[in-house]
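Novice: This is the structure I have questions about; it appears just below.
The values are calculated or read from the model by the stated rules, or taken from the named source; none is laboratory data. Since the model is a prediction, treat every value here as computed from it, not as a measurement. Positions of Cβ are backbone-derived with ideal geometry, glycine not excepted, and every protein chain shown enters the neighbour counts. What goes into the accessible areas is simple: the full protein's heavy atoms, side chains included, and nothing from ligands, DNA or RNA. Shrake-Rupley method; radii C 1.70, N 1.55, O 1.52, S 1.80 Å.
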Amino acid sequence: MTQPVEIRFTETVTDELTRREGRIALIVDDRGKLPSGLPRPAREGLGRALASSDWQGLSAGKGLTLSFPGGWAAQAVTLIKLPRKATVAEARKAGATIGAALGKGETLVLAGNHPRAAEVALGLALRGYDFSVYKTRDKKGDTGTAPQGDAPAQTLSGAREDAVTGDAAAQARREGADTSQNGGDDRPDPARASVTFMCADPEDLARTASDHAALAEGVFFTRDLVSEPANVLTTTDFADRLKAMEEIGLDVEVLDEDELEKLGMRALLAVGQGSESPSKVVVMRWNGAGGDQAPLALVGKGVVFDTGGISIKPAAGMEEMTMDMGGAAVVAGVMRTLALRRAKANVVGLVGLVENMPDGRAQRPGDIVRSMKGDTIEVINTDAEGRLVLADVLWYAQTRFQPAAVIDLATLTGAVIIALGHENAGVFSNDDDLAEQVLNAAGVEGEGAWRLPLSKAYDKLIDSQLADVKNTGGRPAGSITAAQFLQRFIRGSQPWAHIDIAGVALPPAETDLAPKGATGWGVMTLNRLIRDNYEG
């Protein structure tokens, strides 16, 4: 998988700062104080920049870059505006400003004793994501020199590995990392981006940032899954990648088509029956709280490619349907994060993996299928397939695990994009407390979410003349009727929330914390929700 950029934490040494090459970022608080010990020419150049209208007009988290500044050997020095009382979002945005400019070689960040330095590091790591596994040409980038001096360094990834296994080398071997750090030399490899944070207390900052390293890895895992093409990320490959997470402590079970047939998951199986890729359900368990405590169940839609089936989609834009497994990817990323940070919570993640293809065996509009629950479903449109997958997996999650709450995530409807654009995911829930937990967690993490209504008044739109329910109610209130459909597969008083991430999983432009492409929306929100509400 794509690994977050290596971030090392060292003590602040300014003696040779102006002789450092590569890129340098200075975090400047509201006092406008520069590091002491800088030569006069270097200070004068930065002082002029801080007195300029360009600097004065910057918002918190933004930066002013001086290319090849006088008095410095660096190719660029960026002044990052970040008040000492900055919000978490502003601090992460500051890190993202640095991360967006990463090239090959070394970037030095002077964080001093800023109280939000760990959040800056997380923002930098998230924005520095680059899915380039299929690019065959060498990419041009910046080069720089390795850090000078003998001050001991703490790495963000090393702190995370220690926390996970107690054996950083063993963990790194499993992840395919070079534990020798450039052949036994602890200097970064100049052929790839690396970052050094100079700060007042590197050991303390590395400890604070260790959970952030696990979170960044979970987000990257999700982004990678969403970014993969469907000829690579088949249902089998997806299941294999999840099964491999047993190495970090998850209990992973893969259910094949024969097992799904025995369980009665005929709604899910009907979606995938036109594909050469076998349908699967993967169950991932993390029992960090131990005992018999009821788990939180996370359920994800994993349609690895969605042609629309017989109700085929228009050709324009269909290539983006490689992201229709985004809900399953988020569940996988959350489970990875929980295992890496050893969360003290019981959580089970279930994903239904299918491919929706037109074929002589594919289901047709007008077919009637029976769900695991026993309800019959009239298939009006084969492109409304994700709710069929979720119906069976939701029922299975409830009957097998008796969860404290259920949250499902899916790139379910285009209608939610019409309603909320690409700024917010749509949240639906039968439980006000659970809905508030989701919205609060999203707010803390800066991931947009908005609650939309559920009401029996919408049920008439999905009532079927021939079966218990039909799988679509047409264009009016499309995202709501999809949620109403799912609610029919929620038992009694079971707390449940449905999150439609169709607009936020793969937006058309870059975001504050992600380059253009997959965002990993939801990993941070659900990790926060679990930390705040399910960990003792």
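Novice: Kindly sort TYR396, TYR534, TYR458, TYR134 by accessible area of their heavy atoms, largest first, with the probe set to 1.4 Å.
Specialist: Working: TYR396 15, TYR534 40, TYR458 65, TYR134 115 Å².
Ranked from most to least accessible, the order is TYR134, TYR458, TYR534, TYR396.
Novice: Report the charge-dipole magnitude of the chain in Debye, nearest 20, computed about the Cα centre from +1 at each Lys and Arg Cβ and -1 at each Asp and Glu Cβ.
Specialist: Values: 57 positive and 72 negative charges, 254 e Å.
The calculation lands at about 1220 debye.
Novice: Taking H as built 1.01 Å from N, whose amide H comes closer than 5 Å to the amide H of ASP431, not counting residues under 5 places away?
Specialist: Amide H to amide H, under 5 Å and 5 or more residues apart or across chains, ASP431 pairs with TRP496.
Novice: Hey, another quick one. Round to the nearest 10 and give me the degree value, 0 to 90, for the angle of helix 523-533's Cα axis relative to the longest principal axis of the chain.
Specialist: The helix 523-533 is inclined about 80 degrees to the chain.
Novice: How large is the helix-only mean residue ellipticity at 222 nm for the chain, computed as the sum of -39500 (n - 2.57) over DSSP H runs with n ≥ 4, divided by its residue count, in deg cm²/dmol to the nearest 500?
Specialist: Numbers: 16 runs with 176 residues, N = 536.
Counting only the DSSP helices, I get -10000 deg cm²/dmol.
Novice: Considering the options ALA100, LEU390, ILE490, tell which one lies farthest towards the positive end of the dipole of the chain, charges being +1 on Lys and Arg and -1 on Asp and Glu at the Cβ, about the Cα centre.
Specialist: In the chain, that residue is ALA100.
Novice: Follow-up question, since we're still on this one. Just need the Rg to Rh number for the chain, please, alpha carbons only, Kirkwood Rh. Each step should come with its number before you reach the end.
Specialist: On the way: Rg = 24.6 Å, Rh = 24.2 Å.
Ratio of gyration radius to Kirkwood radius for the chain: 1.01.
Novice: Something else: Over region 355-507, with the other protein chains present, what is the accessible area per residue in square angstrom, probe 1.4 angstrom? All intermediate terms of the calculation are to be shown ahead of the outcome.
Specialist: Working: 5900 Å² over 153 residues.
I get 39 Å² per residue for region 355-507.
Novice: Sequence-distant or interchain residues sharing an amide H contact under 5 Å with GLY302, placed H: which?
Specialist: ALA328, GLY352, VAL354
Novice: Sticking with this one: Quick one: Cα convex hull volume of region 427-536, Å³ per residue?
Specialist: Working: hull volume 13.1 nm³, N = 110.
Dividing the Cα hull volume of region 427-536 by its residues yields 119 Å³.
Novice: Just to confirm, what accessible area per residue do you get for region 26-117 at 1.4 Å probe, in whole Å²? Working shown, then result.
Specialist: Details: 4170 Å² over 92 residues.
Ligands and nucleic acids excluded, the result is 45 Å² per residue.
Novice: Hey, what's region 267-332 come to in accessible area per residue, 1.4 Å probe, Å²?
Specialist: Details: 2040 Å² over 66 residues.
Here the per-residue accessible area is 31 Å².
Novice: Please list ARG84, ARG92, ARG31 in order of solvent-accessible area, largest first, computed with a 1.4 Å probe with all protein chains present.
Specialist: Numbers: ARG84 75, ARG92 10, ARG31 155 Å².
Ranked list, largest accessible area first: ARG31, ARG84, ARG92.
Novice: Toward the positive end of the charge dipole of the chain, about the Cα centre and with charges on Cβ (Lys, Arg +1; Asp, Glu -1), which of ILE368, LEU124, ALA518 goes farthest?
Specialist: LEU124
Novice: I've got another one for you. Roll a 1.4 angstrom probe over the protein heavy atoms and tell me the percent of accessible area of the chain that is carbon or sulfur. Display every interim value, and only then the final one.
Specialist: Values: 10070 of 21620 Å².
Answer for the chain: carbon and sulfur cover 47 percent of the accessible area.
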